[in-house]
Amino acid sequence: MTAYNSMKNEGMRIVQNDSLRNAITNHYERNYSYLLSWTESEWNTLFADQNNIYRKYFKEYNYIGELTPVDYTNLAKNQEYINYLNNRVGFIKPTIRYYKVFGIANAEKLIDHLDAELTSREE
């Protein structure tokens, strides 16, 4: 995003192609900023879950590795925990799809647009 901020400070007018300028602005001010906000929200949820869920049901919690339940049999039947997992999966699946469509796909389109502009200037 540093390159975009630099270009924004210098003035988007340096990009002469209106379509390209709009695509760059749209990518960073709409799609990218929304994804950053969503990612921050996800991190906040993770840290809240660490305090509220993981410490309650697991002996030890670390970001990489296994979780060892305090009582596996009861945890497997615990409706509150099952609901929590279902809600997390229900949130994360569309989040991944959103990243794929609005993050990756739009970035690839922008790269193609930039490549086309550079190619047209070389001709």
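The values are calculated or read from the model by the stated rules, or taken from the named source; none is laboratory data. Worth saying up front: this structure is predicted, and the values here are computed from it rather than measured. Reconstructed Cβ throughout: ideal geometry from the backbone, glycine too, with neighbour counts over all protein chains shown.
A search for C-beta distances below 6 Å between a residue of region 105-123 that is surrounded by 14 or more Cβ atoms within 10 Å (Cβ to Cβ) and any residue that is assigned to a helix (DSSP H, G or I) and not β-branched (Val, Ile, Thr), counting only pairs 6+ apart in sequence or on different chains, returns ASN106/HIS27; ASN106/ASN31; LEU110/ALA23; LEU110/HIS27; HIS113/LEU20; HIS113/ALA23; GLU117/LEU20.
Which one is modelled with the lowest pLDDT among residues in region 102-123 that are assigned to a helix (DSSP H, G or I) and acidic (Asp, Glu)? Restricting to residues being assigned to a helix (DSSP H, G or I) and acidic (Asp, Glu), the top hit is GLU122.
Among the aliphatic types (A, V, I, L, M), modelled with pLDDT of 85 or more and more than 14 Å from the chain's Cα centre (by Cα): is that true of ALA3 in this structure? Here the answer is no, as ALA3 does not meet what is asked. Of all residues in region 29-55, exactly one satisfies the criterion of being among the β-branched types (Val, Ile, Thr) and farther than 24 Å from ILE82 by Cβ, namely THR39. Contact map, region 53-72: residues that are under 16 Å from ARG88 (Cβ atoms) paired with residues that are modelled with pLDDT under 85 and part of a helix (DSSP H, G or I), Cβ distance under 7 Å, separation 6+ or inter-chain. Pairs shown: TYR61/GLN50.
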